[in-house]
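The values are calculated or read from the model by the stated rules, or taken from the named source; none is laboratory data. Owing to the predicted nature of the structure, the values given are computational and were not obtained by experimental measurement. Ideal geometry is used to build each Cβ from the backbone, glycine not excepted, and the neighbour counts take in all protein chains shown.
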Amino acid sequence: MGLNDTRNVIQELKNVFLNENELKILENINHVKRDIDNECRAQNQQIHALVGKQIQQTEIAEKESQRSEPEAHYKKRMQVLQKELKDISFNVQNLEASRKELERSIELSERESNKIATDKQQFETSLKEELRVTQGLVKLWQFVAPVKWDYNSNGTRGYLISKKEDTIKYFQNPEEPTHESINQMWSLIQDEIM
């Protein structure tokens with residue numbers, strides 16, 4: 001797999017990850033926010049209409065009771081109106097609880113979106129590191145191996161050619177080769193000579 005193929009794969013992974021996950025979550029968050037706003041607006045209008053209607057009915061009931069209604073009928077009508085006001089108050093409290101629950105859901109969605117963004121950043125960093133290591137290995141493969149080792153042992157002179165696979169396995173970590181890895185490779189080559 002060449003360097004361009006690796007870059008193409010990384011770009012495709014970035015595009016898929018961004019397009020399918022992050023955009024869907026952001027769209028869902030925006031839809032939920034819009035739905036909450038619309039629902040709150042509609043509920044507020046209904047509540048205002050109901051409260052206005054109840055106030056009008058209460059005022060009418062008070063005026064009527066002052067004119068001609070007997071006291072018992074007035075009390076009964078007031079009890080009905082008070083019950084309706086309690087029901088409206090209960091509905092308002094339920095709507096408030098629902099709104100708070102929706103806000104919590106939005107907050108959780110935003111946290112999840114932030115986590116996905118963090119995971120995406122870590123994934124991209126990991127891919128960049130993998131690409132850097134792979135590029136280094138490709139350079140080693142192209143320019144370092146095979147290696148011809150000259151030796152002089154007990155008066156015998158000769159050479160040994162190290163295969164690409166044997167040479168590159170000592171340089172596969174992402175850091176510079178250490179003296180230990182070079183010495184280890186040299187000792188293995190000497191063992192082959194003996």
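Per-residue answers, yes or no, for (1) over 20 Å from SER98 (Cα atoms); (2) loosely packed, with under 13 Cβ neighbours inside 10 Å; (3) modelled with pLDDT of 75 or more:
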site	(1), (2), (3)
LEU23	yes, yes, no
LYS33	no, no, yes
PRO70	yes, yes, no
LYS75	yes, yes, yes
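Scan region 35-47 for residues that are of a type outside the set (A, V, I, L, M) and either surrounded by 15 or more Cβ atoms within 10 Å (Cβ to Cβ) or not in a helix (DSSP H, G or I) (or both) and jot them down.
The answer is CYS40, GLN43.
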